[in-house]
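Undergrad: One structure, as structure tokens, below. Some questions next.
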Amino acid sequence: MTPTSSQEQLRPELLQDTRVFKGAEGSPLLAPRGVFLSHNRLFVADTAQNRLFIWHQLPEHEFQDPDVVLGQPAKAETGRNAGGGTSASTLFYPSGIWSDGKRLIVADAWNHRVLVWHQLPEKDGQPADVVIGQPDFERNEANVAGISHHPTAQSLHWPYGVFSDGQHLWIADTGNRRVLFFETIPTSNYAAADKVLGKPSFEERDYDHNDPIWPYSVKVSPDGALAITDTQYYRVLLWHDWKQAFGSKADVIIGQASFDGNGQNQYGWFPQANTLNWCYDSCFYKDGLWVADTGNSRILWFKQLPSEHNTPADNLIGQKNFTTGSENKDTIWTTEESLYWPFQVSIEGQTMVAADTGNHRIVINQLAR
């Protein structure tokens, strides 16, 4: 397949409308890494300012005050762990988000934990109900006892990604180079995972190029396909059935020609339709997959889930062609259609929201039918 060279030729097939959102005008977003859309509610991890915002309706303007802030006692506050000790109400570098409109799960990455609200928070600074990865809400060391200690089925180290299908829970335990699987969303603190993906046991620390090296995001499609965005090896690992992923190599690699490959843009100076550079997220949509090719400041579209390694993308947004990988379309100017290090993508219906991290904003796209 020969990719079309011009984004101007590609774009009408993908998008009907594009606009940007920057948060509250008096306290705008700063390097947001997480975004999620559920029941038209917008959730944004304002990562660099250690807070998570909730808008009850998708904002219609460039600036709009949030309805709820988590991680801080007030909407304009920004301190790490709210300027004090770790608690059920604080955040330190929040990243991945999942919600079904009733519950909320947040990867509180630099506190080495995942927080669960079993009812959607309604008040600023509302404490979480459950903590995963720590024995209590006050502790926040990697693997509980410190970075030098081996992981366990209960511990976490830099968890950046979370996903649930409403019943099961997956956590991208990035610093431990593994994905943890829980049969049900935990209802008590310090729950042990039921299975681990990417390691032969919960205590294993060594890693192999056949397994996820730096899993930043984990997603499961309605049909049961599993995608792990493996940032440090510049690839996405795809299994056709998540139930078969434990102890098995991925069925398909996106971004590399084989499990041995680990080059940025496959060691090329410029990107191509089949390469990735510091990718951080994937998002299933219809029969295909979107991939946040963060280092190339673009989001790639695969119309069908790839069935072979190194399959080229069919389309993209954020760049004028497949061989441009610089920020904001190779200019110093930010436009509605440009991207600067997009980190996370979420789609509900025809609405795509993307965390355009380097531009300190959320890009809202209406996808073509």
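The values are calculated or read from the model by the stated rules, or taken from the named source; none is laboratory data. In this text, all values refer to a predicted model and were calculated from it rather than measured experimentally. Counting neighbours? That spans all protein chains shown, and the Cβs are built from the backbone with ideal geometry, glycine included. The protein model used for the area step is the full one, side chains on, heavy atoms only, and it has no ligands, DNA or RNA in it. Shrake-Rupley method; radii C 1.70, N 1.55, O 1.52, S 1.80 Å.
Undergrad: Using C-alpha positions alone, give me the convex hull volume of segment 212-369 per residue in cubic angstrom.
TA: 98
Undergrad: Can you give the Rg to Rh ratio of the chain, both from alpha-carbon atoms, with Rh computed by the Kirkwood formula?
TA: Dividing the radius of gyration by the Kirkwood radius yields 0.95.
Undergrad: With +1 on each Lys and Arg Cβ and -1 on each Asp and Glu Cβ, how big is the dipole of the chain about its Cα centre, in debye rounded to the nearest 20?
TA: The calculated dipole for the chain is roughly 120 debye.
Undergrad: In whole Hz, with x marking every Gly and Pro, tabulate ³J(HN,Hα) for segment 119-126 from phi via Karplus 6.51 cos²θ - 1.76 cosθ + 1.60, θ = phi - 60°.
TA: Once rounded to whole Hz, the list reads 10, 4, x, 10, 10, 4, x, 4.
Undergrad: From the convex hull of the Cα coordinates of segment 1-122, what is the mean projected area in square nanometres?
TA: One quarter of the hull surface, i.e. the mean projection, equals 9.6 nm².
Undergrad: Going by amide H atoms built from the backbone, whose H comes under 5 Å of the H on Trp158, apart from near neighbours?
TA: Those lying under 5 Å, H to H, from Trp158 are His112, Gly175.
Undergrad: Right, here's the next one. Can you run the Rg to Rh ratio on segment 129-214? Use alpha carbon positions and the Kirkwood inverse-distance Rh.
TA: Rounded to two decimals, Rg over Rh is 0.94.
Undergrad: Of all the accessible heavy-atom surface of the chain, with the other protein chains kept in place and a 1.4 Å probe, what percent is carbon and sulfur?
TA: Solvent-exposed carbon and sulfur of the chain make up 46 percent of the total.
Undergrad: Could I have the simple spin-label model distance between His240 and His150, label points 7 Å from Cα toward Cβ, reported in nm to one decimal?
TA: Distance between label points: 3.6 nm.
Undergrad: Using the heavy atoms of the protein chains and a 1.4 angstrom probe, tell me the accessible area per residue for the chain in square angstrom.
TA: That works out to 39 Å² per residue.
Undergrad: Using the Cα centre as the reference, give the magnitude of the dipole from point charges on the C-beta atoms of segment 1-143 (Lys, Arg: +1; Asp, Glu: -1; all else neutral), rounded to the nearest 20 debye.
TA: Its charge dipole is roughly 220 debye.
Undergrad: Given an 8 Å cut-off on Cα distances and at least 6 residues of separation, report the relative contact order of the chain as a percent.
TA: That works out to 15 percent.
Undergrad: For the pair Lys102 and Thr78, what calculated FRET efficiency results from E = 1/(1 + (r/R0)^6), where r is the Cβ-Cβ distance and R0 = 30 Å, to the nearest 0.05?
TA: Rounded to the nearest 0.05, the efficiency is 0.60.
Undergrad: Which far-off residues, 5 or more places away or on another chain, put their amide H under 5 Å from the one on Ala142, with H placed in the peptide plane?
TA: Distant-sequence amide H within range of Ala142: Ile147.
Undergrad: Work out the charge dipole of the chain with +1 on the Cβ of Lys and Arg and -1 on the Cβ of Asp and Glu about the Cα centre, then indicate which of Val116, Ser155, Leu169 is farthest towards its positive end.
TA: The one lying farthest along the dipole's positive direction is Ser155.
Undergrad: Based on alpha-carbon positions alone, could you give the equivalent ellipsoid semi-axes of segment 286-343 from the gyration tensor, as √(5λ), descending, whole Å?
TA: Here the semi-axes work out to 23, 10, 9 Å.
Undergrad: Of all alpha-carbon pairs in segment 246-321, indicate the percentage at a distance above 22 angstrom.
TA: For segment 246-321, the share of Cα pairs beyond 22 Å comes to 16 percent.
Undergrad: Would you please give the FRET efficiency between Glu122 and Asp65, computed as 1/(1 + (r/R0)^6) with r the Cβ-Cβ distance and R0 = 22 Å, to the nearest 0.05?
TA: 0.90
Undergrad: Still on this structure, please answer the following. Stick to the Cα atoms of segment 135-174, pair each with every other, and give me the Kirkwood hydrodynamic radius in Å at one decimal.
TA: Value: 11.2 Å, from the Cα pair sum.
Undergrad: Near the amide H of His309, under 5 Å away, which other amide H atoms are found, from residues 5 or more places off or on another chain, if H is placed in the peptide plane?
TA: Ile253
Undergrad: If you place +1 on the Cβ of every Lys and Arg, -1 on the Cβ of every Asp and Glu, and leave all else neutral, what size is the dipole of segment 316-369 about its Cα centre, to the nearest 20 Debye?
TA: 100
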